[in-house]
Amino acid sequence: MAIQVDIAILGGGVGGYTAAIRAAQLGKSVAIVEADKLGGTCLHKGCIPSKSLLRSAEVYATLLEADTYGISLEGATLDFSKVQVRKEKTVDQLYRGLQHLMKKNGIQVMQGKGRVIGPSIFSPRSGSLAVELPDGEMESVVSANLIIATGSRPRTLPGITPNGTAILTSDDALRMEKLPGSMMIVGGGVIGVEWASMLQDFGVQVTIVEAGVRLLPGEDAEVSAELTRLLRRRGVRVLTSVQLHTEQMVVGSDGITVPAATSEGDVVLTAEKMLLSVGRQANVEGIGLENTDVKTKDGFIRVNEYGQTTEPHIYAIGDCIGGVQLAHAAAHEGVHAVEHIAGVKKPATPAHLIPRCIYSRPEIASFGLTEDGARMKGHDVKTGKIPFQAIGKAIVLGETDGFVKVIADRKTNDILGVHMIGPHATDLISEAALAGILDATPWEVGQMIHPHPTLAEALGEAMLAVDGKAISF
């Protein structure tokens, strides 16, 4: 017998379970079908476990610098097995909380492999789900609307095949039982620089190899340059414009050797292990899209501004549609899709206004256009930049690296983008993003009285600096 609900959701990650909760709030009956564990990549293989490791790395790095705070500390050692135990406890606590939310909201959760099926005796149109349960039994879920939220997985490169031991994806790296002596990270994007920062703090020798001309190609060029400088100062080897000769790569019992052409000339790179961090690809295979009229492009499901696919009753959200592949973006897309199903039609938040966060040391956060991007769109740009060295709270914390940069249009005075690299940047960006949503001007944000001493003063001062009115710098 088929289970019948108003909305079925294929995938129980952040986008899927957020959509389910919002649907329940709107009085809809909901079923989530998840092949693995509720919470998806973010909770079990991404955001949460990696940030738990990053926090341990940050604490360890701080302990090693305790003398600069007037604290004598000898014998601080790292027990990576306990770091991993803490990570698992963090994930488990959030997982149990998520299960409670499902029960509280009356959401049915089915563990099994879901597949979209075509029209049947239960439903005259495609969009129902056939679910293979863990015991091999089959179940059907029939719904008026379907939301596909199947997420993504680590992308690989031709000539480099992850094996879970010497060559790792980020999924594999999270499961490491012990730290390697050295790690070659292929890819200088968000995941690559987070792992580079973390591993260096744990005492691993790190080399980043990036095919592009700089790290973090999607971020402002000044932020990229500052991060590169700070990573190199900490001992991370950063190589850009790299072409790996993977056909000559040797994977042996003592590590990996691969020749490469780099901006510094031809080199032979060696490391105990290699981490591939070259982006993510959508999970769209094997979910039954061929039984529908849903279209894909470049490996991602095509949707309109409401998340509707080319079959209007089937929606898709999160990493499987490409775009801004961030957990909070997926959650927003889930809410937006559900509200559209319920008859609420409101404009989607433009992708460039969604805050972006990178949890390296120091942290990076941004929203809006980069300076180069703004100029390419024809804006007459004016900028303001304040270093954290000018902020009292940063000096108190002993974390003065980095800056806040504001980009505005000279004619309209609109805020075009805000870019931060420095202490707690990921916590500070929300005020800037709110200013963008409210279409505030730098002067308006600068008029807000930011409490002293706080790191938030850097944003207020940077807003004033756009028009040359900063007080502290």
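On inspection, Pro387 does not qualify as outside the structural domain of Leu416 (by TED's automatic domain parsing) and in contact (Cβ under 8 Å) with a residue 12 or more places away in the chain.
Note on the range 192-213: residues that are hydroxyl-bearing (Ser, Thr, Tyr) and in contact with a Phe, Trp or Tyr (Cβ under 9 Å, 6 or more places away or on another chain) total 1. Under the condition of being surrounded by fewer than 20 Cβ atoms within 10 Å (Cβ to Cβ), of a type in the set (S, T, N, Q) and part of a loop (DSSP other than H, G, I, E, B), the residues counted in the range 284-305 number 1. The set of residues in the range 76-122 that are of a type in the set (Ser, Thr, Tyr) and either in contact with a strand residue (DSSP E or B) (Cβ under 9 Å, 6 or more places away or on another chain) or closer than 30 Å to Val294 by Cβ (or both) contains only Ser120. Quick check on this structure: which one of Arg153, Arg175 is within 30 Å of Ala211 (Cβ to Cβ), loosely packed, with under 15 Cβ neighbours inside 10 Å and under 23 Å from the mean Cα position of the chain (by Cα)? Answer to the check: Arg175. Pairs linking a residue in the range 298-319 that is without any contact (Cβ under 8 Å) to a residue 40 or more places away in the chain to a residue that is in a strand (DSSP E or B) and among the aromatic types (Phe, Trp, Tyr), with Cβ atoms under 9 Å and 6 or more positions apart or on different chains, are Val303/Tyr315; Gln308/Tyr315. Number of residues in the range 200-235 that are crowded, with 23+ Cβ neighbours inside 10 Å and free of Cβ contacts under 8 Å to residues at least 40 places away in the same chain equals 5.
Whether a residue is free of Cβ contacts under 8 Å to residues at least 24 places away in the same chain and out of contact with any strand residue (DSSP E or B) (no Cβ under 9 Å at 6 or more places or on another chain) was assessed, and Leu397 does not pass this test.
Residues are listed down the side, and each one gets a yes or a no for (1) closer than 19 Å to Ile314 by Cα; (2) out of contact with any helix residue (DSSP H, G or I) (no Cβ under 6 Å at 6 or more places or on another chain); (3) part of a strand (DSSP E or B):
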site	(1), (2), (3)
Gln4	yes, yes, yes
Ala31	yes, yes, yes
Cys42	no, no, no
Ile48	no, no, no
Glu58	no, yes, no
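Of all residues in the range 13-49, those satisfying the criterion of being among the polar types (S, T, N, Q) and closer than 30 Å to Arg86 by Cβ are Thr18, Thr41. The test for being out of contact with any strand residue (DSSP E or B) (no Cβ under 6 Å at 6 or more places or on another chain) and more than 16 Å from Ala337 (Cβ to Cβ) holds for Leu73. For the range 66-100, the set of residues classified as touching a residue at least 60 places away in the same chain (Cβ under 8 Å) and under 26 Å from Val396 (Cα atoms) consists of Thr68, Tyr69, listed by residue number. Taken as a whole, the range 70-82 holds no residue that is of a type in the set (A, V, I, L, M), assigned to a helix (DSSP H, G or I) and in the same structural domain as Val116 (by TED's automatic domain parsing).
Summed over the range 2-55, residues that are on the phi > 0 side of the Ramachandran plot and in contact with a strand residue (DSSP E or B) (Cβ under 9 Å, 6 or more places away or on another chain) total 3.
Answer yes if at least one residue in the range 414-423 is within 26 Å of Thr349 (Cα to Cα), part of a helix (DSSP H, G or I), outside the structural domain of Asp220 (by TED's automatic domain parsing) and out of contact with any Pro (no Cβ under 9 Å at 6 or more places or on another chain), and no otherwise. No - not one qualifying residue is present in the range 414-423.
The values are calculated or read from the model by the stated rules, or taken from the named source; none is laboratory data. Model, not experiment: these values are computed from the prediction. Virtual Cβ from ideal backbone geometry, glycine too; neighbours counted across all protein chains shown.
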